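Student: After the structure tokens below, expect a handful of questions from me.
What follows draws every value from the coordinates through simple rules; no lab data is involved. Just so it is clear, the structure is predicted and the values come from calculations on it, not from any experiment. Methodologically, a virtual Cβ is constructed for each residue, glycine included, from the backbone with ideal geometry; neighbour enumeration extends over all protein chains shown.
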Amino acid sequence: MVDPYALGWIICSFITIVALYSLVFNRKSSSEANSLTTSENVTTATGECRSFNPDGDVDIVIVGAGVAGSALAYTLGKDGRRVLVIERDLNEPDRIVGELLQPGGYLKLIELGLEDCVEKIDAQQVFGYALFKDGKHTRLSYPLEKFHSDISGRSFHNGRFIQRMRAKAASLPNVRLEQGTVTSLLEEQATIKGVAYKTKDAQELSACAPLTIVCDGCFSNLRRTLCNPKVDVPSCFVGLVLENCELPCANHGHVILGDPSPVLFYPISSTEIRCLVDVPGQKVPSISNGEMAKYLKTVVAPQVPPELHDAFIAAVDKGNIRTMPNRSMPADPYPTPGALLMGDAFNMRHPLTGGGMTVALSDIVVLRNLLKPLRDLNDAPSLCKYLESFYTLRKPVASTINTLAGALYKVFCASPDPARKEMRQACFDYLSLGGLFSEGPVSLLSGLNPRPLSLVLHFFAVAIYGVGRLLLPFPSPKRIWSGVRLIASASGIILPIIKAEGVRQMFFPATVPAYYRTPPAA
């Protein structure tokens, strides 16, 4: 039971914070656009051109046909660009992540004209989250009242979604998908001219274009020449598929604040529920010798909601257990003439909040708007300087989602530290208050209102809420010290993430010169 005086104090504090926020933040980054056409050019490894389109050359080479690469190919192709996409394997992917698209990401999908890609794949609508802790739970709904009834999150099989996106891109006459493994970027006088790759029949070829966009995913072997990759692996996901059961809260993602770390459940079809068990660190129990099954049954199963327990045990016994390292990597690019990084090759965050596809699709919208006014991409140095604005314009949205993912993961993990324990409990109780207290954070989580300042205000409002509870009924020295440690713990969680994202670009993008870059003269 929340003390009414504490609650009143928190409400007053929060209203004050929101009022200050409204005064400070009322600028929204935007960029303009128009249309164009251009070309397509493929060369063999010996340097001899082989044109597969008789009336032009390749304008853009895209490496990778995952979510980012496929969506980008369709978007640029629809704008008249001639695009070559090179993908290592064009068969349907089978992954345990990239299965939840937040409402903000779905809105971007609509903006790109790709909303039909979630149709005919048995995708499920998602309307919010259910949060479980110590036998209690609270429901957090997305604030969708102002949107059309079709607007919601979507969950699905990742491979089915990607195949729909690839088919959509390939349906354009000026987009070609080719199966091959890109081995290197072709560089000449510090400018990327294209890529060298091997086809599926082992033929070595090169593809040249004025702009090469690398979207080869979290395992990218090309990113080192285009950015400073600082990859962190805080945990691994262990994936299962539950059958013949129903979630306690239908059409909601479920987050169990377990020990040692969260467990996720969400539907991926009308008959299947994905379970992702977070295991801290880079090593997981062995699947082959039975250690994983034992861990799941003895440590995780007792914390699973009763409605899902039997199906969880059945999924463990079935044995189709998958693992995936969870990577985070702040965007730290080297502006390189002729090349650009996008997707997980460029920027990653912990997948706990399901924000990866929202960031990728938002980035594509930004890049599309930047490229639309350009008739010619052949002036690589000028194009590179102009596209530096991409890194600034994307920051407020991407950094908010990245920071929230990293901060929530650390808050939701169990810890022996009393301050961290109190922060975890305060977060659960704060979200359980409903109204502004849940709507604001869920707006951030869903990508519907990804504003950096709003994130920071809510995060520290949780900490202040926790301090207020500690100080009641009277602020003894021990309680005051606990409050100080809680604020210090909260700061220690969020401030390093913000620093890695870049304070200036995240909060004050309009002060960055690249924010005002104009298109190079045609």
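Student: As I understand it, the value is the acute angle between the Cα axis of helix 356-371 and the longest principal axis of the Cα atoms of the chain; what does it come to in degrees, rounded to 10?
Tutor: Between the helix axis and the principal axis of the chain, the angle is about 40 degrees.
Student: Now for a different question. Give the cross-link partners of Lys499 among the lysines, using a straight C-alpha distance below 30 Å as the criterion and excluding same-chain residues fewer than 8 apart.
Tutor: Within the straight-line limit of under 30 Å, Lys499 reaches these lysines: Lys28, Lys108, Lys230, Lys283, Lys385, Lys395, Lys410, Lys421.
Student: Okay, next question. Chymotrypsin sites (Phe, Trp or Tyr not before Pro) within the stretch 383-421: which are DSSP loop residues with at most 12 other Cβ atoms inside 10 Å?
Tutor: Taking the stretch 383-421 and a limit of 12 other Cβ atoms within 10 Å, no loop chymotrypsin sites (Phe, Trp or Tyr not before Pro) are found.
Student: Using Cα positions and a limit of under 20 Å, work out the aspartates and glutamates in reach of Lys193, with same-chain residues fewer than 8 apart set aside.
Tutor: The reachable aspartates and glutamates, counting only those whose Cα sits under 20 Å from Lys193, are Glu40, Glu48, Asp57, Asp59, Glu87, Glu178, Glu204, Asp216, Asp376, Asp379, Glu388.
Student: For the chain, what does the helix formula give at 222 nm: sum of -39500 (n - 2.57) over DSSP H segments with n ≥ 4, over the residue count, nearest 500 deg cm²/dmol? Before the final figure, lay out each step's value.
Tutor: Values: 14 runs with 196 residues, N = 522.
Taken over the chain, the calculation gives -12000 deg cm²/dmol.
Student: Let me ask something else about it. Restricting attention to the stretch 61-141, which trypsin sites (Lys or Arg not before Pro) occupy a DSSP loop and are surrounded by at most 10 other Cβ atoms within 10 Å?
Tutor: Working: sites: Lys78, Arg81, Arg82, Arg88, Arg95, Lys108, Lys120, Lys133, Lys136, Arg139; in loops: Arg81, Arg82, Arg88, Arg95, Lys120.
Those satisfying the criteria are Lys120.
Student: Still on this structure: Taking only the alpha-carbon atoms of the chain, what semi-axes of the equivalent ellipsoid follow from 5 times the gyration tensor eigenvalues under a square root, in whole Å, largest first? Walk me through the numbers before you get to the answer.
Tutor: On the way: eigenvalues 338, 152, 80 Å².
Over the Cα atoms of the chain, the semi-axes work out to 41, 28, 20 Å.
Student: Charges only on Cβ, +1 for Lys and Arg, -1 for Asp and Glu: so what's the dipole of the chain about the Cα centre, in debye to the nearest 20? Before the final figure, lay out each step's value.
Tutor: Numbers: 52 positive and 48 negative charges, 273 e Å.
Using Cβ point charges on Lys, Arg, Asp and Glu, the chain gives about 1320 debye.
Student: Let me ask something else about it. Based on DSSP, what percent of beta bridges with both residues in the stretch 51-155 are antiparallel, to the nearest 5?
Tutor: On the way: 11 of 15 bridges.
In the stretch 51-155, approximately 75 percent of DSSP beta bridges are antiparallel ones.
Student: Quick check: the angle from helix 395-412's long axis to the longest principal axis of the chain, C-alpha only, nearest 10 degrees?
Tutor: Helix 395-412 sits roughly 40 degrees off the main axis of the chain.
Student: Calculate the all-directions average of the projected area of the stretch 233-307's alpha-carbon convex hull, and give it in nm². Can you show the working numbers first?
Tutor: Working: hull surface 21.1 nm².
Over all viewing directions, the stretch 233-307 projects a mean Cα-hull area of 5.3 nm².
Student: Against the longest alpha carbon principal axis of the chain, how many degrees, from 0 to 90 and to the nearest 10, is the axis of helix 477-501 turned?
Tutor: 10 degrees
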